[in-house]
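A short reminder: the numbers here are calculations on the coordinates, not readings from a lab. From a predicted model like this one, the values you see are computed outputs, not experimental measurements. In this analysis, Cβ positions are derived from the backbone assuming ideal geometry, glycine residues included, and neighbour counts consider all displayed protein chains.
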Amino acid sequence: MRHVLERLAGRVGTRTLVVLGGVVLAAVVGVPALAIARRGPAVPQPVAFNHLKHTEQLELSCEFCHQYVRTSAHSGLPDAATCSLCHATPQGTSDEAARVTELLAAGDPLRFNKLVRMPEHVFYTHRRHVAIAELDCEICHGAIGTTERPPRRALVRMDMDFCMDCHRERDATLDCNACHR
Ligand code: HEC
Ligand code: HEC
Ligand code: HEC
Ligand code: HEC
Ligand code: HEC
């Protein structure tokens, strides 16, 4: 990188070089930073939940923990009450499973945090998409149901184009007022 800039310096003035260097630096440093800023900060969780163990090995349905996914706007996240059904007594042999039982015994509410959060002005409902349009979770959430650790950010970025592209394909509404309140 440096000698390319030096060779260029032979042909163009130093001012141009400084500007060019600045542009290159901004491109190298700024683009990843901007990408992270657009995706939002990493989301912390109280324990290292393992979807794969619970969905494939224990064959729990998504609705077991995301209770309202077919009936409401929000599908809901599980909390201590759901985890206690099994982890009130020790399960398996891993340290993290043992920690879940300890946290529950100490009265921790196990508050999980959302990865995707629509802005206030957007209206979205799971009922319409899951129960009526019968769309798979993966289309919008990627393969989170088989992750072994909580992802730090949403696996799929749902911006307005993402919603609009599917609505156009499937003849669903493109009316601003359907999604914006
Ligand atoms: C058409 C896209 C789409 C599909 C299909 C979809 N979701 Fe979502 N999901 C979203 C959006 C958008 C949000 C954020 C909602 C908000 O913040 O208002 C979300 C949020 C969530 C949340 C966080 C809690 C909440 O309700 O805000 C969970 C859990 C979730 N979805 C689970 C599921 C499961 C399980 C399925 C399949 C049965 C599913 N979703 C199918 C778009 C989708
Ligand atoms: C239906 C029973 C059941 C429910 C409900 C349940 N678990 Fe588990 N969980 C298990 C069993 C059994 C294991 C041990 C599996 C193994 O080690 O093979 C386990 C393992 C774990 C582990 C260790 C994973 C690993 O990578 O070793 C964590 C963490 C965990 N559960 C968290 C939770 C949390 C958090 C909840 C609530 C949101 C929950 N579980 C709900 C039965 C359950
Ligand atoms: C035993 C409980 C349990 C089961 C069963 C379960 N989940 Fe989850 N789910 C969680 C927990 C706990 C979190 C938060 C921690 C994490 O992301 O791992 C979560 C988070 C999510 C999120 C992130 C939502 C957001 O944006 O905040 C999605 C999407 C999701 N689950 C989809 C699924 C799908 C799809 C299935 C079925 C294939 C499923 N889950 C089955 C407990 C469960
Ligand atoms: C993969 C396809 C798909 C994606 C992605 C999708 N939708 Fe939809 N959406 C549909 C379909 C199909 C319907 C019509 C369902 C029905 O028959 O009621 C619908 C219906 C709706 C409705 C009800 C509209 C009405 O007629 O009142 C709203 C609101 C909506 N979607 C918002 C959103 C938002 C917001 C997003 C992005 C976060 C989104 N959708 C992403 C397929 C999709
Ligand atoms: C199918 C749902 C849907 C429809 C229809 C829709 N929007 Fe959006 N719009 C969204 C979502 C979701 C966001 C939030 C995107 C994000 O947070 O990245 C958004 C964001 C916006 C924003 C905020 C700026 C931004 O990019 O975040 C404006 C302004 C906007 N929409 C205008 C419109 C107008 C005007 C129309 C009609 C031509 C329209 N929208 C139709 C889903 C929709």
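With all pairs of different C-alpha atoms in the average, the Kirkwood value for the hydrodynamic radius of region 55-137 is 14.7 Å. Between Tyr68 and His167, the FRET efficiency estimated from the beta carbon spacing at R0 = 25 angstrom works out to 0.65. Across all directions, the shadow cast by the convex hull of region 100-181 built on its C-alpha atoms averages 7.3 square nanometres. Counting Cα-Cα pairs of region 35-181 in 10 Å increments starting at 0 gives whole-percent bin shares of 9, 36, 33, 17, 5, 0. When the chymotrypsin sites (Phe, Trp or Tyr not before Pro) in region 88-140 are filtered for DSSP coil states and for at most 15 other beta-carbon atoms within 10 Å of their beta-carbon, the remaining sites are Phe123, Tyr124. Peptides 48-57, 131-140, 164-173 ordered by packing proxy, namely the average of other Cβ atoms within 10 Å per residue, highest first: 48-57, 131-140, 164-173. Rounded to two decimals, the Cα radius of gyration of region 35-97 over 2.2 N^0.38 Å is 1.35. Electrostatic tally near His129: other residues with Cβ closer than 11 Å to its Cβ, Lys and Arg +1, Asp and Glu -1, net +2. Compared with the alpha-carbon gap, the fully stretched path from Asp95 to Thr82 is longer by 2.7 nm at 0.36 nm per residue. Think of region 29-142 as having a plus end and a minus end, set by charges on the Cβ of Lys, Arg, Asp and Glu; of His54, Leu115, Ala80, Leu115 sits farthest toward the positive end of this dipole.
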